[in-house]
1. Could you grab me the full set of residues in region 216-242 that are more than 29 Å from the chain's Cα centre (by Cα) and assigned to a helix (DSSP H, G or I)?
2. Just need a number here: residues in region 195-215 that are modelled with pLDDT under 80 and either part of a helix (DSSP H, G or I) or surrounded by 12 or more Cβ atoms within 10 Å (Cβ to Cβ) (or both).
3. May I ask you to verify whether residue 331 is more than 20 Å from residue 438 (Cα to Cα) and either surrounded by 14 or more Cβ atoms within 10 Å (Cβ to Cβ) or modelled with pLDDT under 80 (or both)?
4. Name the pairs whose Cβ atoms lie under 7 Å apart, with the first residue in region 303-322 and touching a residue at least 40 places away in the same chain (Cβ under 8 Å) and assigned by TED's automatic domain parsing to the domain that holds residue 379, the second surrounded by 19 or more Cβ atoms within 10 Å (Cβ to Cβ) and part of a loop (DSSP other than H, G, I, E, B), and 6 or more positions between them or separate chains?
5. Would you check if residue 294 is at pLDDT below 75, touching a helix residue (DSSP H, G or I) at 6+ places or on another chain (Cβ under 9 Å) and surrounded by fewer than 18 Cβ atoms within 10 Å (Cβ to Cβ)?
6. Based on this model, can you work out whether residue 361 counts as at pLDDT 70 or above, crowded, with 16+ Cβ neighbours inside 10 Å and in contact with a helix residue (DSSP H, G or I) (Cβ under 9 Å, 6 or more places away or on another chain)?
7. Tell me, which residue of region 269-278 that is in contact with a helix residue (DSSP H, G or I) (Cβ under 9 Å, 6 or more places away or on another chain) and part of a helix (DSSP H, G or I) is nearest to residue 246 (Cα to Cα)?
8. Which residues, counting only those in region 33-69, are part of a helix (DSSP H, G or I), closer than 18 Å to residue 99 by Cβ and modelled with pLDDT under 70?
């Protein structure tokens, strides 16, 4: 492997770790009771007053609470800026620009929510879907733009040799995929009121119900479909527009548009989106409809896309490490080992971790209960599928770090729920379930020598 590529990958991993560390540190600092009471809340009320002055008095009273502060967005943005390897003068400028951008957007957010407060549907759509996506995409866009600007200034200040060396060591974002993903995600969120109420999407839900009934009939299970409801001996299963619309759709389209090298491949990939995600919808419905297959089918339906993403990550790791011919075999072995761990040792391991973290948390979908065993199972699957020869010491070190992050994360969730009444969203828990083992695995293989 070329030395400059190795240095660039190492720099990218270090940047990611520093960014996470800065963001978590700032998040914890801003969540301190004294900071919230004397800094965050007064500043939030100041933004609310500014929004009222710009947009007028809200149609209905809207309380500007800590959730409206934009503190989480501020911590994420500043974490990335502080972690980027440029002179501190440029970082301070990046912090100032990021803070100004977040304050402006958050003031606009409060003002628009006040204007639509009289309409529960619009208020919910803007508050739950549109504005969180806009803030996330705006932060990502600002950070990437600031990185490019900082790199250009560094390049102008140094010689040609220094420019090349610096560029090779600094993480470069894949702009096309990032931009397309951001754009498609924004479009996906912005148009959610349309497809969540669309008769055409509801008709697709009916097709999924009918196809599932046909498959169940083939395997000898009595089932029939009426409109968008699948009926079995266990009752009816309603398929709605929300059941078949997933954020994986815009990510898939962004990947197709980025990596398709010819127009025929692009057209084929885009055309395959509808049958692909309808097939996933059928599989998801069969999981809950098939009797006596799993002990808690509803739980597996909730976790469907988390499990799917974990399997895809394992396959991609095997494909990258071993090539197309051997990837499937290694991936299947890795997934098998991961599933065996979750089923055989997962309950014991989960009890040990949750005992250290404190009392059980409110967990209606079982995402928190699944997290410890799932993360270790995914870590094992990745290790076996891609880098079984990395070495036991590094493997065990990564496993120990994963266990520490689980205990600390669950303890933090318990502390927030007990003292502040704050609970993590299910999608955040499921994102953490996949992201943590993947990140730790990446660090383990990055510090190890490549072995073929």
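1. Quick first cut of region 216-242, residues more than 29 Å from the chain's Cα centre (by Cα) only: 216-236.
Within region 216-242, 216, 217, 218 qualify.
2. Going residue by residue through region 195-215, those that are modelled with pLDDT under 80 are 195-197.
Checking which are either part of a helix (DSSP H, G or I) or surrounded by 12 or more Cβ atoms within 10 Å (Cβ to Cβ) (or both) leaves us with 195-196.
Matching residues across region 195-215 total 2.
3. Details: more than 20 Å from residue 438 (Cα to Cα): no; either surrounded by 14 or more Cβ atoms within 10 Å (Cβ to Cβ) or modelled with pLDDT under 80 (or both): yes.
No: the conditions fail for residue 331.
4. Cβ pairs passing all conditions: 321/387.
5. Values: at pLDDT below 75: yes; touching a helix residue (DSSP H, G or I) at 6+ places or on another chain (Cβ under 9 Å): yes; surrounded by fewer than 18 Cβ atoms within 10 Å (Cβ to Cβ): yes.
Answer is yes for this residue.
6. Numbers: at pLDDT 70 or above: no; crowded, with 16+ Cβ neighbours inside 10 Å: yes; in contact with a helix residue (DSSP H, G or I) (Cβ under 9 Å, 6 or more places away or on another chain): yes.
Against the criterion (at pLDDT 70 or above, crowded, with 16+ Cβ neighbours inside 10 Å and in contact with a helix residue (DSSP H, G or I) (Cβ under 9 Å, 6 or more places away or on another chain)), residue 361 does not qualify.
7. Quick first cut of region 269-278, residues in contact with a helix residue (DSSP H, G or I) (Cβ under 9 Å, 6 or more places away or on another chain) only: 269-270, 272-274, 276-278.
After this cut, where a residue has to be part of a helix (DSSP H, G or I) as well, the list is 269-270, 273-274, 276-278.
Working: 269: 17, 270: 16, 273: 12, 274: 12, 276: 12, 277: 9, 278: 11 Å.
It comes out as 277.
8. The answer is 66, 68.
The values are calculated or read from the model by the stated rules, or taken from the named source; none is laboratory data. Worth saying up front: this structure is predicted, and the values here are computed from it rather than measured. No Cβ is skipped: glycine too gets one built from the backbone with ideal geometry, and neighbour counts run over all protein chains shown.
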